[in-house]
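Below: the structure, in structure tokens.
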Amino acid sequence: MPVSLNTGAVLVTGASTGIGAAAALLLAALGHRVFAGVRRVEDGEALQRRGGALVVPVLIDGTEAASSTAAAQRVAEAVGAGGRGALGNNAGIAVAGAWEHMARGRLRQQFEVNLFGTVAVTQAFLPLLRRGRGRVVIVTSITGKHAPPFYGPYAASKHALEAFGDSLRLEMRPWGIKVSLIEPGAVDTPIWEKGLSLADEVVSEMPPEARRIYAPYIEAARRSGGQAGRRGIAPRRVAEAIAHAVRSPRPRTRYFVGRDARLLAAARRLLPDRVMDLLIWHGMKMPRRPR
């Protein structure tokens, strides 16, 4: 971990569990005052017990503009006019299913949380970050560059976050606000269990005939996703990348975290699309196409 004089305040969204909780605890251990964005009071209290006085729970729901504005005002009042700060955008959900039968409401739900929520929180906090030439850190995913079958809505939202982060990085250049994208591969977090539960709901909404013809492929995708989650890296590894982006004098524009993320990023640059399609299809152990 690089040594830095920047121990300003940091807001981390999605801090109840997984990557967000790991980032909040690590940053607090490094001396930052961490405003841990949670949606339930009890989650914030539990995190504060683990992290100590430097962890300050903040109720925030990025899908509600008033919630983002209120959180920004609370943090601004707490930190005052001085000192650098950072925003760690991490909150997200995973919607999975077949594009052919993806309900528009489910797609809106995916983008409302992952993209629109992230944009809303960032908009609310940029005036505060501008005062101290702070940092914006956005947790996307390697699926923002590589979209596996039946994880399309999630991957599409992460593709959109990549575009948001790249564009924002240039727009913030006049004020010296650095923007970094964190692109992990599989991480062992509760999002896999939550995603599988949500996938069950999505599948139940499909017509019976659609469930029949897609069943073997969706089941293969579920197995592949579950195995990837169990083999995934610890959230602490992603938290360390977030801390580097917050603290380093020269943060990277993007961080590929995990061996699978680095391999997929390199393969995307080097291999033709059809070769990648075959590797992904067979790697997920998809059944043969129906005759």
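Using a Förster distance of 30 angstrom, determine the FRET efficiency expected from the C-beta separation of Ala66 and Arg236, and round it to 0.05. All intermediate terms of the calculation are to be shown ahead of the outcome.
Numbers: r = 33 Å, r/R0 = 1.11.
The pair Ala66/Arg236 has a calculated efficiency of 0.35.
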* To do: Please grab the % of Cα pairs in region 84-186 that end up more than 19 Å from each other.
  => 43 percent
* To do: List the aspartates and glutamates whose Cα lies under 14 Å from the Cα of Lys285, skipping any in the same chain that are fewer than 8 positions away.
  => Glu219, Asp277
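Rounded to the nearest 500, what is the 222 nm mean residue ellipticity of the chain from helices alone, with -39500 (n - 2.57) per DSSP H run of 4+ residues and division by all residues?
On the way: 11 runs with 155 residues, N = 291.
So the helix-based figure for the chain works out to -17000 deg cm²/dmol.
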* Structure fact -> For the chain, the percent of accessible surface on carbon and sulfur atoms (probe 1.4 angstrom, ligands and nucleic acids excluded) is 55 percent
* Mind ordering 273-280, 181-188 by average Cβ neighbours within 10 Å, highest first? -> 181-188, 273-280
* To do: Quote to one decimal, in nm, the extra length available between Arg104 and Trp175 on full extension: 0.36 nm per residue of separation minus the C-alpha distance between them.
  => 21.7 nm
* Setting aside same-chain residues fewer than 8 positions from Lys158, which aspartates and glutamates have a Cα under 13 Å from its Cα? -> Glu112, Asp166, Glu183
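Out of the GluC sites (Glu not before Pro) in region 136-215, which ones are loop residues according to DSSP with at most 16 other C-beta atoms within 10 Å? It would help to have the intermediate numbers written out before the result.
Details: sites: Glu162, Glu171, Glu193, Glu201, Glu205, Glu209; in loops: Glu205.
Those that pass, being in a loop and sparsely packed, are Glu205.
Please compute the length gained on full extension between Phe111 and Glu77, using 0.36 nm multiplied by the number of residues separating them and subtracting their Cα-Cα distance. Kindly include the intermediate steps, with their values, before the conclusion.
Details: separation 34, 0.36 × 34 = 12.24 nm, distance 3.03 nm.
So the chain would gain 9.2 nm between Phe111 and Glu77.
Based only on the alpha carbon positions, what is the Kirkwood hydrodynamic radius of region 129-272, in angstrom? Before the final figure, lay out each step's value.
Details: mean 1/r = 0.0596 Å⁻¹.
Over region 129-272, the inverse of the mean reciprocal pair distance is 16.8 Å.
Please report, in cubic angstrom per residue, the volume enclosed by the convex hull of the alpha-carbon atoms of the chain. Walk me through the numbers on the way to the answer.
Details: hull volume 36.8 nm³, N = 291.
In the chain, the Cα hull volume divided by residue count equals 126 Å³.
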* Inter-part distance where region 13-92 and region 170-210 are each reduced to a Cα centre, Å -> 20 Å
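Using 0.36 nm times the number of residues separating Arg212 and Ala163, minus their current alpha carbon distance, what extension gain do you get? Can you show the working numbers first?
Values: separation 49, 0.36 × 49 = 17.64 nm, distance 3.61 nm.
Length gained, Arg212 through Ala163: 14.0 nm.
The values are calculated or read from the model by the stated rules, or taken from the named source; none is laboratory data. Since the model is a prediction, treat every value here as computed from it, not as a measurement. Positions of Cβ are backbone-derived with ideal geometry, glycine not excepted, and every protein chain shown enters the neighbour counts. These area figures cover heavy atoms from the full protein model, side chains too; ligands, DNA and RNA do not enter into them. Shrake-Rupley method; radii C 1.70, N 1.55, O 1.52, S 1.80 Å.
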